[in-house]
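Report on one structure; see the data block that follows.
The values are calculated or read from the model by the stated rules, or taken from the named source; none is laboratory data. Keep in mind that what you see is a predicted model, and the values were worked out from it rather than measured. No Cβ is skipped: glycine too gets one built from the backbone with ideal geometry, and neighbour counts run over all protein chains shown.
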There are 4 protein chains.
Amino acid sequence: MIFKSDFDIETIQQMGTDNMLARAAWVSTGKDVGDPRTEKVVGLLSFLMKNRHGTPFEHGSLTVRINMPIFLWREWHRHRVGFSYNEESARYKPLDPVFYQPGEERAKHSMKPEGFKPSKPGFRGLLPNDRQDCDNRDLRAAYGFAYNLYLERLRVGIDNGLARVCLPVGIYSACYVTANPRSIMHFLSLRVDDPDAHFETHPQWEMDQIARKYEDIFAFYWPITHQLWVENGRVAP
Amino acid sequence: MIFKSDFDIETIQQMGTDNMLARAAWVSTGKDVGDPRTEKVVGLLSFLMKNRHGTPFEHGSLTVRINMPIFLWREWHRHRVGFSYNEESARYKPLDPVFYQPGEERAKHSMKPEGFKPSKPGFRGLLPNDRQDCDNRDLRAAYGFAYNLYLERLRVGIDNGLARVCLPVGIYSACYVTANPRSIMHFLSLRVDDPDAHFETHPQWEMDQIARKYEDIFAFYWPITHQLWVENGRVAP
Amino acid sequence: MIFKSDFDIETIQQMGTDNMLARAAWVSTGKDVGDPRTEKVVGLLSFLMKNRHGTPFEHGSLTVRINMPIFLWREWHRHRVGFSYNEESARYKPLDPVFYQPGEERAKHSMKPEGFKPSKPGFRGLLPNDRQDCDNRDLRAAYGFAYNLYLERLRVGIDNGLARVCLPVGIYSACYVTANPRSIMHFLSLRVDDPDAHFETHPQWEMDQIARKYEDIFAFYWPITHQLWVENGRVAP
Amino acid sequence: MIFKSDFDIETIQQMGTDNMLARAAWVSTGKDVGDPRTEKVVGLLSFLMKNRHGTPFEHGSLTVRINMPIFLWREWHRHRVGFSYNEESARYKPLDPVFYQPGEERAKHSMKPEGFKPSKPGFRGLLPNDRQDCDNRDLRAAYGFAYNLYLERLRVGIDNGLARVCLPVGIYSACYVTANPRSIMHFLSLRVDDPDAHFETHPQWEMDQIARKYEDIFAFYWPITHQLWVENGRVAP
């Protein structure tokens, strides 16, 4: 059994630079030829971002491989437009015993304050460390109990799809995710809690963590687009 | 704790009859006015189905409320085009203790035969009933163990989103699903194993069960479309 | 030959009230049962709108039949997500001789001011009425010339798809359009120029006209949603 | 004035090989690592194609720039899923005087036979060459008439969006098109008339021409996927 407190993301492939997004936009005016100067690209993308002309930002693509728990995939997979997925299948192969347990950093954000209404998500309180050690010990025991039953169910010959029903949503699963810059910005505007964002959002702490890593990759490949998007309050065009 | 072996689906609202789909198609030829005779509708929809003109079948809508385990939602939610979802949120409210255990009918389909390769999904073997009783007893114990820990985690004040990580994928969750006839046919062509289908498909037994109930509702509201789709080998136009 | 200066839109069918959108959202908290009080619905939809929870607004549907010129369809059809279309086909039937000519109201908005840069769309200047009469006379002549050639091409037996190439983009075409409230709001946020909108937009005058009629229908069926959307700066959730 | 009888398509950028599509599929079984042998890739993609597992074919992307008449764009833009577009805008810039006239090859397919019902599209009859010369002369005259009026309307200061209404659908327009292999296969299954296709289709001759060029590019970048798709009757997975 492996217990992890973080999530892995790696870049698989990428297509289309900031310049390419600008070229796609310039087809509107017939200027999509030749290699543009950077200040021209910045000027155009800034205009598009501000005026919410979104389609030019679809002419790029990024594929990443992410390994994270099922409870996070449940949220991520709800993004339908401009996203393609291929995920590890518990019907084709037994899942590996890799589970999520909150780390020290998370402990600072996991408790609800006195009088907190349970219907309000997104709270981030304080959890004493000794309290958390205890919680994680119980959690690991539950993970172990469930996974052992899973192995036993596979052993007696129950089919994979049915054997898995006892597995907890804290188990890890890998998935290829392909998306275009426009969809990525839309995703990030909802899944990263940034104080400077124009629209407030309250993702779960874990989702926020993996989304920030995703944003780093996005910013690496499309630095101009990313900066302009941030400057415009992180509103997807 | 409640243990269920079936899945609930109820119709919430519906829009657009077979006649309406035909009218939408007739706008192409300017004949979309007045109330058409049934044989005309059958003739047109048959032509559209056979020649894979899919768009007219998008001018209807069906909303259902389904209550089924998370491991099934994980598959259903992968249908992105023409599907809208709103699901019970474990971040907003504690999930109820309702869990899936296979019933008698499923037992007949749950064991892998000798020499069966685990990488091949969709197998449906035989499981002796006493074997299954034993399996379900273990399963219920695991569900109980996980759910009690979940309650404890909520009690000590861990936030909802983090408390849930120990919950198994066999727990039930409710969701509103809105889709159009074209998307529904596409879904059914992959999620119901019908011997007369033009293209073979191997859904998990549980998915096949709920998809058949969904098909019944679809056939009730769009009887002509459904029959023509069946006659054309269940290939979505 | 018919010359029109306006565009027709009629409601064909509709599904889902404001209450239904609220019910779809309440499945998240398990309160999606019974008939809610109006102030509860307003409160919930207001929260969803403000916090950009968009999915509940997808559980409704509206089909309209619109008759407008091809140059407007060219823009409208670029809306891909949550929109379904079936349009009159010039391959199946000869198009009728109905053409767009700007009316008096449009004249006030059709001239570019001195020094106006042609690359900037959305201008709305003044055109003297006598000037416009003259322009429309020329326009009608061009429409007549093109349509007569079209008839001749059909008469000598050129196939419909090829015969049409001489037809101008000012010719009318009818189309069924089905969309959900979320998609409709997104469309309206780009296609209606409203001074109180949070994000500026510059649709062509004609698009603005037909989009306002579409907005009236939307507001009729979903009055609460519409009002909240307006109050939130016409930003689609 | 330029009169063309063909359509231009050029590759702008591409991402993801056949190997990459296979790797995306292998994440299901955890074998998405290392460089696979070609026969393995062929075996897997063949299985996916036959069993209509479509999602792995979404992890690639192709951007092309196409220059073709508006009446063809009207059809192409109806493909919504997995397609992104940026097109030349007659609101931002005056359109160039480039128009479509059928060439010799087309002449062989442009006449309807005796007794042909006009409601049936897709006919391909015979047109004597002298007949066509005459038709094209008339067509060029109509194009010239319309374009001169367009220039005049721009000259007197009518705004671009309104000035264009007299332009014929035979005028050329350039557009960037980005799509993934799955969407491309779906497009080609409807827009290329191939005698060996499992499902018959009747695109207009001109659409068939440009779609075949698009297919050549697709086959160049994904030779294994293309061949398997052809072998499976050109049915998109």
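Filtered by the rule that a residue be at pLDDT 95 or above, among the charged types (D, E, K, R) and more than 30 Å from residue C:164 (Cβ to Cβ), region D:41-71 gives a lone residue, D:58.
Of all positions in region D:185-193, none carries a residue that is of a type outside the set (Gly, Ala, Ser) and closer than 30 Å to residue C:102 by Cβ.
Counting the residues of region D:130-143 that are at pLDDT below 90 and closer than 22 Å to residue D:68 by Cβ gives 2. Any chance you could count how many residues in region A:6-30 are buried (at least 16 other Cβ atoms within 10 Å of the Cβ) and within 9 Å of another protein chain (Cβ to nearest Cβ)? Going through region A:6-30 one residue at a time, the tally reaches 12.
Hey, can you tell me all the residues within region D:71-85 that are within 12 Å of chain A (Cβ to nearest Cβ) and surrounded by fewer than 18 Cβ atoms within 10 Å (Cβ to Cβ)?
Correct list: D:81 only.
Each residue in region B:159-193 was checked for being acidic (Asp, Glu) and within 30 Å of residue C:82 (Cα to Cα), and 1 pass. Residue D:3 falls short on exactly one of the conditions (1) in contact with a strand residue (DSSP E or B) (Cβ under 8 Å, 6 or more places away or on another chain); (2) within 11 Å of chain A (Cβ to nearest Cβ); (3) not in a loop (DSSP other than H, G, I, E, B), and that condition is (2). Here's a check for you: in region A:173-210, which residue that is under 23 Å from residue D:32 (Cα atoms) and touching a Phe, Trp or Tyr at 6+ places or on another chain (Cβ under 9 Å) is surrounded by the fewest Cβ atoms within 10 Å (Cβ to Cβ)? Among them, the one singled out is A:175.
Identification of helices (runs of 4 or more DSSP H) wholly contained in region A:122-235 with 3 or more residues that are within 8 Å of chain B (Cβ to nearest Cβ) and free of Cβ contacts under 8 Å to residues at least 12 places away in the same chain yields A:129-155.
Taken together, C:36, C:56 contain a single residue that is in contact with a Lys or Arg (Cβ under 9 Å, 6 or more places away or on another chain) and facing chain B (nearest Cβ under 9 Å), which is C:56.
Out of the residues in region A:86-107 meeting the condition of being outside any loop (DSSP other than H, G, I, E, B) and modelled with pLDDT under 95, tell me which one is nearest to the other protein chains (Cβ to nearest Cβ). Let's see the steps before the verdict.
From region A:86-107, those outside any loop (DSSP other than H, G, I, E, B) are A:86-87, A:98-100, A:104-107; that's our starting set.
This time we only want the ones that are modelled with pLDDT under 95, so: A:104-107.
Working: A:104: 14, A:105: 13, A:106: 7, A:107: 10 Å.
Selected residue: A:106.
Hey, does region B:144-163 have a residue that's among the basic types (Lys, Arg), modelled with pLDDT of 80 or more and surrounded by fewer than 22 Cβ atoms within 10 Å (Cβ to Cβ)? Give the steps one after another, and end with the answer.
Let us first name the residues in region B:144-163 that are among the basic types (Lys, Arg), namely B:153, B:155.
Subsequent filtering for residues that are modelled with pLDDT of 80 or more retains B:153, B:155.
If we keep only those that are surrounded by fewer than 22 Cβ atoms within 10 Å (Cβ to Cβ) too, we end up with B:155.
Yes, there is a match, as at least one residue in region B:144-163 is among the basic types (Lys, Arg), modelled with pLDDT of 80 or more and surrounded by fewer than 22 Cβ atoms within 10 Å (Cβ to Cβ).
Among the residues of region B:198-219, is there at least one that is of a type outside the set (Val, Ile, Thr) and closer than 24 Å to residue C:86 by Cβ? Within region B:198-219 (the criterion being of a type outside the set (Val, Ile, Thr) and closer than 24 Å to residue C:86 by Cβ), the answer is yes, since at least one residue qualifies. Of all residues in region D:45-74, exactly one satisfies the criterion of being free of Cβ contacts under 8 Å to residues at least 60 places away in the same chain and within 27 Å of residue A:60 (Cβ to Cβ), namely D:56. Scanning region B:139-191 for residues that are over 23 Å from residue A:173 (Cβ atoms) and in contact with a Lys or Arg (Cβ under 6 Å, 6 or more places away or on another chain) yields B:157, B:176, B:189. Of all residues in region A:75-109, those satisfying the criterion of being free of Cβ contacts under 8 Å to residues at least 40 places away in the same chain and within 13 Å of residue B:74 (Cα to Cα) are A:77, A:78, A:89.
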